[in-house]
Every structure is written in structure tokens, then in C-alpha cells.
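Only one structure is covered here, and it is reproduced in the block below.
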């Protein structure tokens, strides 16, 4: 009944909303090229539907949905709208080049939503929903309808709404646990009630969209599936507003590991799970805690050192998921300068990276520098190099040519920077600060002069040993002009890696500043979009 | 039936195993004073039972259980054992001063465990379990019995084991989801089966102990509770081996927020949840991801900047848990140098810190330095200062008197340190490295000369703005002599904060090194324990 594949009842359709609901995580802001990179890896992983954005929300979201529609040909591309004509027209325009476009519209079904947010009656809201579906059907065949706050709605009214929107042509109906407060029993019961009471429910796929506020998103999603839902709405690493959305990796691996229980399957190539998790964490700057299921650093690690521990834990008895099944790389493999181009190319292919010649040469250059200083280069070194040299999706307006720092607990931290700006103009300046990073940032500010505020700063050693490569992620916030609304605070993230963490910090700051400058330029060009 | 409080069917008993199962997280190693500090805050929060360690596993675990038994008077203190006399004797000895001691013993009940791990028969295993309970009853009244791998056991055999150990005197029976692979339906069914089929089950409390390998620990625990379990085994932040244990905060807040559904309560003072979460993260060095339910930095944050977002999200409609209910501090309150001693003391009391005079003066000194450089001091600044000045639980053998660094992208990072060692001996040395942190570490190593390997390094800005206080957490690994086994690799964490992240790194390394030195000294003294 749905071209993305509900024909076999054994398959669960994976609807990924990392780029829409996931990107609403505070500070996760991705630019278009980063969204495209994530979209490509999701396509390779076998995601069925990609929710690419909310086209009317901003020119950036519009263009992201447009570009993803053009490039990603093996997934259904979905755009979110409210239940009104203007939203739907803009979404249809953004989706017009998609191989398989889907419009995702809908509105609230609980009385509190109808009365206080929509300021209408139940009948009025039902009509708005039906109108929206009919209007969306003028543009696309595939229309998904969300029933916000379904858990608090009068069930009889919910069933009536679903029957009406399906009759109007909705191919998928999305039942969200909007607040993330359901228990699996309740949420499963809600889905069961819909399947039992909506007369034409066999004409649509039932989708579930859960939030993790009480830590039960995965269990609720699977309870929905057990009760007849055939599409799950998920994000990589479970990112999203507040405590996030349902984790793609948890749901997919639960279905796979417990096929005895569910008797279901997905189209996901699970060996892509870990690389996609790393990419999303890298580009959004949102870390994954070590005890995160499936993709955390400790997910498959057992503590050592407590010998008696054998009583309670034994590797062969308990480890049912093989780390290789989710693509955790074998970190034992290391390269050295003598591995050469062929060795590096082979290892990158094993890790799932496909680079063009120019990218490969950049990576090879950095590889040699690291190999020279550290002797061996492991998987995480390579991941850091690729994030720096390949996964950079903006035009570099300012380039840091030189930085030097002096600091200590009894000295005044001082930094000097030399920066090449637009038209090749080179400027040099110095400043002091409360610490070396502060000093570097102030010196850069003296040259570039783009007002902003640092709101987050973190460094991680990506490799083991005292000579580890350090990886810095920062977020800066700046006021940006927005038509209609005057000003709006926007967040830009930046990252950089270097064996010197102060240099890595300088690179990360330049990265974020270049994005800020590019966004300002884009906002000026995009006026009237 | 249980003195820690199962008399009222409406109360769920909170069994915290942060210090036992949680501490088995790779690298989480806590020393005795850190365990005591966590135990004190858990007691204040209202935890019913504190599993303090596995006494026979190491002299450190033994002494931790002993000290916690002496000091923590309002919780039942529990020690883990295998089902043998030696383990039970050692646990009883460690627990002998506890106001309410509990021995937690048990063994596997699945055929794979009985046959391959225990190398016995079902009858043999049953007898071992009954013997262990009877023996433990000689020392303590309160005996908890765990049935490892219960999910894969023959239910009839499981019921027989439970009946027999309860008849032998077990007051609590613990049903673990050892692998973390159950669904809530299955796990709830397992508990229901036990309540329906074990004739004397009303003479014991049923406890549930879940793991999070598929992201369902909270849902499984609550399914157990819905089916009659009255004790839940949890850890703060859900730490533990692999993907961790059930999160205390998720279970407690689910029971509280959905009292309509569960009709249950706990004795937890929920306003202590956030401070305890911060303390455990700080002392174990295990970060909490921003999208972690209840205690993540974004758990209550909504993204801004997408104006149309109002359609899908509205604060008043969705935010049911008030951040203040879980003790998230109001970060808007800032102090300045003019706040003085009285202002600082008042704010610390509000945040739940009770310091003695000496500690207060140390904190006040650091507070003035930060206030002087940054003008304002916010909640996170204060937390960092307290972690540095108060929550330091080791003897400082080596003290860093001076550090200075020079580095940059075209220079050779170089550091000079001056360190005061045992007997007041002062030594000064310098070295270069691949980065400033590496250079500092090498210079420190030249002075101190304790072989070790850096395995983890991370920095976070704990405050906003470009002049943020940086917080460094590191882990080092070293080979330590162990009687019987020869050598064992042990991990020591360290932390430090400073406005200069290189100085903070130096402090963190000194912290970890001092712990390593203290542990080596303790191991020498503890021989024969």
C-alpha cells in the first residue's frame, strides 16, 4: 500500500527524522552540506524515508529539502508542514525534484490543543485536517498525517479524524507520544485501539513517533510495533529536543536481536550504524555518553580488574550483539608512514569512506604529519583527520596562517595570530586573556571583528596515549538579522583537531566564525526567498 | 516483611547499586572517600538500600563496605557475595558495624549457567543456593538472593529455587535481566509468573535488576513493578558495565510523574536528583549526554530560533516535569566579589553544599580569584570550585607549584614545571611534546617518574562566555602489583579546573598521579588483608 515498502507485513519501515526533529536539539544547527552528507550516509545505510526538514520554517530548511530531494534518489524524501495551504505549497515546491516525495502534515487532536492552540472546535479541526490532506494530494501521492497529542485525545474523536484523513488520501498516519510520558502498555494500547476501531486503517501505514523524556522511547516504539504499527520515526543517537527522540540504533538492533520475539525485519545495513553515529555526533557536536546502548564507547566493553566478576558476567554467555555487526571498527589495526598511499586507501575503504582524488591527497598529507609525530595512526586518528579535511562544508573566508601562545599559572596568557582574509589581505594581531584559548579567541576577534559569544567548548582526546590528537568542539552564538522578526540568536558550531589543543581550539573557532560569516552572507543573498 | 519498608504496598524500595554495579563501568574506579561522599548524598536523597560493594573482590571494596557501614546509618547497607561460605564470611565482616546490614548472595538458574559455569546439576545448584542463604542468616537477618540469567531458566525450576531460598530465610529475591535483552512484556511476564507460582512469595520482596543493552532498562524495571515487584535496583545516571544499569532518576521520575498510572511512590527527595547526578559524573569521570532523560543538559531545554516550531511544541502544553523538581539549579543567579562571605555561604547552602570552616575558606579564596577575573561567578563556576577544593579525597604527595608553557602551530610546544614532593623537596624540569598538554605531562613525568599511560582526556567549558572556566578530566592506566595474580592494569581518573585549560590539564594529571601513588602505598600497606 506504500511504495516505500509496507507490502510485506514483516518489514518495519524506518523513517529517519535526524535532519528535522533531531536537528531541533539545542545547538545542533547543521548547514546544507552537512545535512547532505548525513542524508547520503542514511541512504547508504538503507533508511526508507528521510524527513529532510520543515520547508516553510526558514530559507535554509527550504534549500536543504530541495537539495536532498535532488540528490538522494533511493529514499522517500519527506517535508513537514502545518495544516495550511501556504505551508503545503512551500513544501511541495521544495520536494518537486524528489524521486519519491512525501508531505507530512497534521494538527492537534486533544481538546486542549483544539481549544487553546488552534482556537477552533473538534469539527473545525477535523475539517482543517481533511482539507490539508486533500490539498497536499494535489501535489504528491504520498501524504503522511500526524495527530499531535493523540495520547490525550478522546479516542472516539481520534478514530474519526484518522478515518476522515485516510478517506481523504493519507497514506500514512503518524501517532506521536508528544510529551514522552507514555508507558509501553498505554502506547501499545493506543495503537491497538486505532487498528481495531478505524474502519479504513488497512488503507494506511500506522507510524509511531516517540520522545524519551522518561527514558522509554524505544520501549514505546516497539510496543507500537507489537500492536500493529509498521513505520517507526527515529533519529541517529536519539538526538532531538529535550531528552530526544527514539534511537534508530536501539530500535533496529532490538528488532534484529530479538527476531524470535518480533518476527520482523528492517532494511538497515546494521554495519553502517556505528559510522553514521560518529558522523552525526561529529557534525552536530552532540556527544554520545559511554553507556549509551549500541553506540556508546562502553556498549560492548566489560570492566577488567575485578577478577571475581566472572561470577556475574562472562563474555561468551552474555555478548549477543557482535560489535562488528554494528560496524564498530577494529581499533587494533594501525598504520604507519610506511603504509603509503595504498595502505591508507585500503584502510579508508574498509572504514566505509569513499574520497575523491583531491580529498584523498589532503587526507594523505595530514596522515603523514600525524604518522611522523606519533609513529602509528589508528582508526580514531583517521576519523579525526577526515572530519577536519573532508567533512568541511563551508567557504573559508578567513584562514588562520599562524598562531603562537605563551601561558602558565603565574603568567599572563598571550596569543599572536596571523590571518588571511578576503582578497588575500593578511592581518596580524595579539591579545592576552584569562587562559590560552581565551587569548587566542581575543586575538582572532581583534582581526576579524564579528561579534559573538562562546556558549560551549569541549575537547576530547580522540586517540590513546599522551601524544593524543585532541578534538575541539565549540558553539558560538550571535544575533542575526531576520526579516519580519528583526533579530534572532543563532548558534554556530565549529570543530578542529590537532596534537596541540590550543591550536585545535583556534581552528575550531575559525571554523565556527567562517560559518557565521557564510550564514550572514547567505541571509543577505536569500532575502525575499 | 522487610525492615527497609515493604510494609506499605504503595512504596517502591530504591536499591542503589551505583557503588557496586555502577562502579564496574570501565574507568569509573572510585576511591573510598569518593564512595563515602556519594553514599552520603544517596542517604540524604532517601535511597532505601545502598549496595556498597563486593567485599571479597578486593581489599579496597572490603574497606569501602566497612567504612560505609560505619557512617551511613539511615540506609540498609548491602554487600554482594557468591554462593559460598568464604565470600559470605568476608561480607559479614565488612558489614558488621552496619545499622541494617544485608547480604546479597545467589547464583545462576539457567541450564547453561548450571552446566557450564557452575558445573553441577539443577539439584546441586539449588542446594548451593539454600546453603548460602542459611549460612548468611547466621550473620544477618536480611538476606537477598539473586537468580542470575532467570530469563533463560526453566520457569518451573526458577519457581522451585525461589520457594526453597525463601523457605531458607531470604527476605528479598532479585530477578535480573542479566543480558539486557528482554522486552517489557517478557520481563513483566516473568515477574507475574513468579508472583503467581511461588507459594511463599508473600514472605519476600521481589526485586528487579535490569540492564540497558537495547535501551529498555527503565521500561523493563517499570514492567516488573507493574507486575508486583516492590524493589528496583538502579544506578545514578544509569552507569554500569556495557550500556549500563537502569537509571535511578528515570524510574523515580516515571513513578512520580505518572502516579496516575502506577499508583506508587518512593522515598526519594527528587530535588536531590540533579546534584547527585553531577557528583557521580564528576567523581567517576563519566559524562552525561545532553539528551539524557531527566539529568541531561537539554532535558528541559527547547530549541529556539525556529519560530514556526510553536506549532509542534509549546512550553506550557508539554513541560510536565518542572526542572526545579529534580533540583536543576537556577543558573541565572550570579555572585560577584562584592557578594562577600555571607552571599557565598547563602548561595552554597541553597545549592545543598554544607562545608566546614576550612573548606569554606578554601572555596572563598578560589571564588575571589574567579570573581576578580570574570566579574561574575555562576552556579557552574561554584560547582567546579567545589569539585576542585572540597571533593578531593586523597593525600597530595606531589604538589604542582608552577607551570609555564609556550606553543603554537609553527613552534615546538615546551613546558616547565616546579613540583614539591615528599619531605618538601622541590624539583624543576622542562620538556617538549607534540602539544602543550603533552609537553606538560612529559615535564611532570621527568620529575615524578611513575610509569603510566594516558587513556582518556577531555575538557569542558563549565561556564558560558569566552573566559569560561575549563574543566579537564583524564584517565591514566598503570600496572599495579596484585598478590596472587602478579600484575593488573588499573585506571586512575583525575580532574582539574582553571581558566587556563593547559593549567587545568596539569592539575588533572597531578590529581591522577597522586591517586596512583596513594594506591601503590595502600597496596603495600594492605598486603595480607
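Readers should treat all values here as calculations from the given coordinates under stated rules, not as data from a laboratory. Keep in mind that what you see is a predicted model, and the values were worked out from it rather than measured. Positions of Cβ are generated from backbone atoms using ideal geometry, with glycine treated the same way; all protein chains shown enter the neighbour counts.
So here's what we get for this one:
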{"quantity": "Whole-number D in µm²/s for the range A:86-191 (Stokes-Einstein; Kirkwood sum over Cα pairs; 10 °C, 1.306 mPa s)", "calculated": "111"}
{"quantity": "Ellipsoid equivalent to the protein assembly as shown - semi-axes via the Cα gyration tensor, in Å", "calculated": "42, 41, 26"}
{"quantity": "Across the identical copies, how the residue A:449 labels are spaced - nm, sorted shortest first, 7 Å along Cα→Cβ", "calculated": "5.6"}
{"quantity": "Per-pair calculated FRET efficiency, R0 = 30 Å: residue A:520 and residue A:119 via Cβ, rounded to 0.05", "calculated": "0.20"}
{"quantity": "Between 0 and 90°, nearest 10: helix B:379-389 axis offset from chain B longest Cα axis", "calculated": "90"}
{"quantity": "Cubic angstrom per residue, convex hull over Cα atoms of the range B:215-259", "calculated": "67"}
{"quantity": "Nearest-ten-degree value, helix A:436-448 long axis tilted from longest Cα axis of chain A", "calculated": "80"}
{"quantity": "Calculated FRET value between residue B:446 and residue B:359, using beta carbons and R₀ = 51 Å, to 0.05", "calculated": "0.95"}
{"quantity": "Cα-projected label distance for residue B:85 with residue B:427, points at 7 Å along beta-carbon direction, nm", "calculated": "5.1"}
{"quantity": "Rounded to 5, percent antiparallel among DSSP beta bridges of chain B", "calculated": "50"}
{"quantity": "Estimated 222 nm signal from helices in chain A, with DSSP H stretches of n ≥ 4 weighted -39500 (n - 2.57), rounded to 500", "calculated": "-11500 deg cm²/dmol"}
{"quantity": "For the range B:42-146, fraction of C-alpha pairs farther apart than 23 Å, in %", "calculated": "29"}
{"quantity": "Distance between modelled label sites at residue A:70 and residue A:139, nm, 7 Å Cα→Cβ extension", "calculated": "1.8"}
{"quantity": "Shortest-first nm distances, residue A:269 label point to equivalent points in other copies (7 Å, Cα→Cβ)", "calculated": "5.5"}
{"quantity": "Potential extension, residue A:40-residue A:325 segment - 0.36 nm per residue separation minus Cα distance", "calculated": "100.6 nm"}
{"quantity": "Chain A: Cα Rg divided by the 2.2 N^0.38 Å rule of thumb", "calculated": "1.04"}
{"quantity": "Computed FRET value (nearest 0.05) for residue A:349 with residue B:345, which takes r as the C-beta separation and R₀ as 41 Å", "calculated": "0.10"}
{"quantity": "Principal-axis tilt of helix B:184-197 within chain B, Cα atoms, nearest 10 degrees", "calculated": "40"}
{"quantity": "For B:366-373, mean number of other protein chain Cβ atoms within 10 Å", "calculated": "1"}
{"quantity": "Label-point gap, in nm, between residue B:197 and residue B:259 - each point 7 angstrom along Cα→Cβ", "calculated": "3.6"}
{"quantity": "Label spacing, shortest first and in nm, from residue B:84 to its equivalents in the remaining copies (7 angstrom along Cα→Cβ)", "calculated": "7.3"}
{"quantity": "Against the rule of thumb 2.2 N^0.38 Å, how large the Cα Rg of the range A:183-292 comes out", "calculated": "1.12"}
{"quantity": "Tail fraction, Cα-Cα pairs, the range A:379-438, threshold 15 Å, whole percent", "calculated": "64"}
